[in-house]
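Participant: Take this structure first; my questions come after.
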Amino acid sequence: MDERIRKIIAQFALPGGEIEAAPYGNGHINDTLRVIVHADGGDRRYILQRVNSYVFPKPVEVIENIEKVTAYLREIIAQEGGDPLRETLTLVETRDGRHYTLAEDGELWRMYLFIEGTRSVDLPDTEALFALSGRAFGRFQHQMGGFDAAQLHETIVDFHNTPARYRQLEDAIARNEAGRLEQVQEEIAFCKKYEREVHVLLDAMEAGDIPLRVTHNDTKLNNVLLDEKTGEGVCVIDLDTVMPGLAAYDFGDSIRTGASTAAEDETDLDKVQFSLPMFRAFAEGFLAEAGAALTAREKELLPMGAKLMTLECGMRFLADHLNGDKYFRVHRENHNLDRARTQFTLVRRMEEKWDEMTSIIRAIG
Ligand code: ADP
Ligand code: GN1
Ligand code: MG
């Protein structure tokens, strides 16, 4: 293990024993490692993460939010008779009693208990599994219903402000920092068609038609840990962006990832289809848990959440491609462009099935 990582791990209050650490998971933002301590009483596992300071300019505020959110969820879960150590994240203390440490280069590192007996998937294997993920994210939404939003820092300003994301894309086009503009004319033309539609959700909120809630804001499928055996959604993770938001954001971002028939970075766009059965399954699960608290207009706007979150994510990938891949981790040339293309394809596929999407939500009620 690299000496730098060894020093960081040594800051946390772990049991004694030989330590192993290796990169883990498929997240695009933070550096994640799985740490194993071969302790006397048996192996203990942890997740060690460097919070990405390009993405989160005030990483200490991210930790403060997570402290508050997990403390709140621990109470709710205990009241409901659940197991807080398994159903929400637990930050590990450092030897000086904090929940993070700053490395020599100033980067912030944190550690969580590893939630055992679970797995996270990038695409759902079955409708039943996606329905269980929907339940988990819906439950999260419901549980956060009593949390005071004023306690939270805005960890990324305008995170799901789709019009602001559109403007950021325009800026990236104007700057053409990585010199890739020529290559993406077709994608830019596609985005321009949505210049007005990107406003729909925020306009509805500003008109008082739908309420601001505390939302997760990054509900992609691999941000929920599923029970290895039953597939039950055990724990919603990746709490870095829990902030005030709209129900349609959380619903939409899950649909974007789990109702696509292909990986987010698939290069064969014929494989990118939109699955109505998956859409229905997730909607049933999500609404079974969160539905009672949602207004009729919020429910009606859920398909729009799916479309705008997909479009927004595509615009973010495209802008990052133009900026030279500074935000999302990439593993190959044009990776962000490939990701943007799947998202735009999925938007088209949703539009082809728009009437069915709206009827499914109406039928669930
Ligand atoms: P990123 O912000 O980069 O997406 P995440 O916090 O989502 O980082 O972590 C990346 C992956 O690591 C997750 O998708 C999940 O597979 C795994 N992971 C994160 N936290 C835990 C945990 N406490 N227990 C088990 N696995 C975890
Ligand atoms: C990022 O952190 P991760 O990999 O779970 C991103 C999401 C995007 C997603 C696209 C903080 O999610 O907003 O939708 O990639 N998270 C952040 O895959 O920007
Ligand atoms: Mg993640």
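The values are calculated or read from the model by the stated rules, or taken from the named source; none is laboratory data. Just so we're clear, the structure is a prediction, and the values are computed from it rather than from any experiment. Cβ sites come from the backbone with ideal geometry, for glycine too, and all protein chains shown count toward neighbours. The area values use the complete protein model at the heavy-atom level, side chains included, leaving out ligands, DNA and RNA. Shrake-Rupley method; radii C 1.70, N 1.55, O 1.52, S 1.80 Å.
Participant: Under a point-charge model restricted to the Cβ atoms of Lys and Arg (+1) and Asp and Glu (-1), what is the dipole moment magnitude of the chain relative to its Cα centre, in debye to the nearest 20?
Facilitator: Taking the Cα centre of the chain as origin, the dipole is about 160 debye.
Participant: Taking the Cα centre of region 253-365 as the origin, how large is its charge dipole in debye, to the nearest 20, when only Lys and Arg (+1) and Asp and Glu (-1) carry charge on their Cβ atoms?
Facilitator: 140 debye
Participant: Over the chain, with the other protein chains present, what is the accessible area per residue in square angstrom, probe 1.4 angstrom?
Facilitator: Spelled out: the 1.4 Å probe surface of the chain, per residue, equals 44 Å².
Participant: I would also like to ask the following. For the chain, what is the mean residue ellipticity at 222 nm derived from helices alone (per DSSP H run of n ≥ 4: -39500 (n - 2.57); sum divided by total residues; nearest 500 deg cm²/dmol)?
Facilitator: Helices in the chain give a 222 nm mean residue ellipticity of -14000 deg cm²/dmol.
Participant: Looking at the chain as a GNM with Cα springs under 10 Å, which of Thr345, Thr295, Thr101 has the largest mean-square fluctuation?
Facilitator: Of the options given, Thr295 has the highest mean-square fluctuation.
Participant: Further, regarding this structure: Which one, Glu127, Glu154, Glu116, has the greatest fluctuation when you compute a Gaussian network model over the chain with C-alpha springs under 10 angstrom?
Facilitator: Glu116
Participant: If you don't mind, there's one more thing I want to ask. In whole Å, what are the Cα extents of the chain along the three principal axes, biggest one first?
Facilitator: The Cα atoms of the chain stretch 59, 50, 38 Å along their principal axes.
Participant: In whole Å, what is the distance between the alpha-carbon centres of region 134-179 and region 9-67?
Facilitator: After rounding, the separation between the Cα centres reads 24 Å.
Participant: Provide the net charge surrounding Leu287, with neighbours chosen by a C-beta distance below 10 Å and charges set as Lys +1, Arg +1, Asp -1, Glu -1.
Facilitator: Taking every Cβ under 10 Å from that of Leu287, the sum is 0.
Participant: Filter the cross-link list Lys58/Lys220; Lys68/Lys307; Lys7/Lys229 down to pairs whose alpha-carbon distance in this structure exceeds 26 Å.
Facilitator: Flagged as over cut-off: Lys68/Lys307; Lys7/Lys229.
Participant: For region 115-205, take the convex hull of the Cα atoms, compute a quarter of its surface area, and give me that in nm², please.
Facilitator: Averaging across all directions leaves 10.3 nm² for the Cα convex hull.
Participant: Considering only protein heavy atoms and a probe of 1.4 Å, how much of the accessible area of region 293-365 is carbon and sulfur, as a whole percent?
Facilitator: C and S fraction of accessible area: 47 percent.
Participant: Using alpha-carbon pairs under 8 Å, 6+ residues apart, how would you state the relative contact order of the chain in percent?
Facilitator: 19 percent.
Participant: If you don't mind, another one. Expressed as a whole percent, how much of the Cα-Cα distance distribution for region 298-342 exceeds 17 Å?
Facilitator: It works out to 37 percent of all Cα pairs.
Participant: Using a 1.4 Å probe on the protein heavy atoms, what percent of the accessible area of region 75-118 belongs to carbon and sulfur?
Facilitator: 48 percent
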